[in-house]
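Q: Before we start, here is the structure in question, set down as structure tokens.
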Amino acid sequence: MKADHSLDCVGLYCPMPIVKTAEKIKELKPGEVLEILSDDKGIKEDMPAWCETTGHEFLGLEEEGEIRVYVKKTHD
Amino acid sequence: MADKDKFTIVVFSGDLDHALVAFMLAVTGASMAMEVSMFFTFWGLNIIRKNEGGIKSKGLKRKMLNFINRGGTKRLKLSKFNMLGLGTWMMKQMMKDIDMPSVDELIKMAHESGVKLIACTTSMEMMGLDKDSFRSEVDSVAGAAYFLNEASKSKVSLFI
């Protein structure tokens, strides 16, 4: 999947990937895609939940060793 | 998005592990665009007390209490397996191993992300503490009615 921005959260555990994502997404323009790189398995449940609460779009994830999660910013 | 969801937490416990959970949830809530308020009461006040500074409380009973109950993040202990500080020391090392933020760092993060830290006035009065006893991140002091009013408007409300 193609992303406009990338965030490396490898080595960070809950809730830090979510906290960092919330900070990072402020830098994006609506419509842009953020890729989050993580090795915290909790992110597979946490990121869709974060998207549901904040209203951003969860595009999916890829898992090859590390987990890559894709989120589309929908609003400011 | 419409109005922000509210999230209120009563922090009654002054244990290190309880403090970690409370602040992690608060910081996460703020990251989820929630309006988070934390009410510190009883032993929970120890978490937001300054690490430094002498005992200024008036009266013998309160001086005695604050002599054995100094408060401050550096003095927090685990609720289990403290083992004269050894267990707490080990847990702190284990947290460092996985880059977990300390309570100190979490308090700063919470404050920066807009979490409101509120101290309970009755506990303060009883324990002989004033607003100066607390760290700068503490926003205000309030009572039970203020908490209940906030809690009744909250989607999530916890007692830790």
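The values are calculated or read from the model by the stated rules, or taken from the named source; none is laboratory data. None of these values were measured; they are calculated from a predicted model. Counting neighbours? That spans all protein chains shown, and the Cβs are built from the backbone with ideal geometry, glycine included.
Q: Given the residues B:77, B:63, which is the only one that is within 14 Å of the chain's Cα centre (by Cα) and at pLDDT 85 or above?
A: Result: B:77 is the single residue among B:77, B:63 that is within 14 Å of the chain's Cα centre (by Cα) and at pLDDT 85 or above.
Q: Report, by residue number, each residue of segment A:28-44 that is over 20 Å from residue B:98 (Cα atoms) and either assigned to a strand (DSSP E or B) or away from chain B (no Cβ under 14 Å) (or both).
A: A:28, A:29, A:31, A:32, A:33, A:34, A:35
Q: Let me ask another. Considering only segment A:19-60, state which residues are in contact with an Asp or Glu (Cβ under 7 Å, 6 or more places away or on another chain), of a type in the set (Val, Ile, Thr) and over 11 Å from residue A:71 (Cβ atoms).
A: Passing the criteria: none in range.
Q: Could we say that residue A:62 is in contact (Cβ under 8 Å) with a residue 12 or more places away in the chain, loosely packed, with under 13 Cβ neighbours inside 10 Å and assigned to a strand (DSSP E or B) here?
A: yes
Q: Taking residue A:47 and the conditions (1) more than 13 Å from every other protein chain (Cβ to nearest Cβ); (2) outside any loop (DSSP other than H, G, I, E, B); (3) at negative phi, which numbered condition does it fall short on, given that it satisfies the others?
A: Failing condition for residue A:47: (1).
Q: A further question on this structure: Determine which single condition residue A:12 fails, assuming it passes every other condition in (1) more than 14 Å from chain B (Cβ to nearest Cβ); (2) in a loop (DSSP other than H, G, I, E, B); (3) not basic (Lys, Arg).
A: So residue A:12 meets the others, but not (1).
Q: Can I ask one more? Restricting to segment B:122-146, give me the number of residues that are of a type in the set (Gly, Ala, Ser), free of Cβ contacts under 8 Å to residues at least 12 places away in the same chain and either touching a Gly at 6+ places or on another chain (Cβ under 9 Å) or not in a loop (DSSP other than H, G, I, E, B) (or both).
A: Residues flagged as of a type in the set (Gly, Ala, Ser), free of Cβ contacts under 8 Å to residues at least 12 places away in the same chain and either touching a Gly at 6+ places or on another chain (Cβ under 9 Å) or not in a loop (DSSP other than H, G, I, E, B) (or both) within segment B:122-146 amount to 1.
Q: A further question follows. Scan segment B:93-121 for residues that are in a helix (DSSP H, G or I), farther than 20 Å from residue A:40 by Cα and touching a residue at least 24 places away in the same chain (Cβ under 8 Å) and jot them down.
A: Scanning segment B:93-121 gives B:103, B:104, B:107, B:108, B:109, B:110, B:111.
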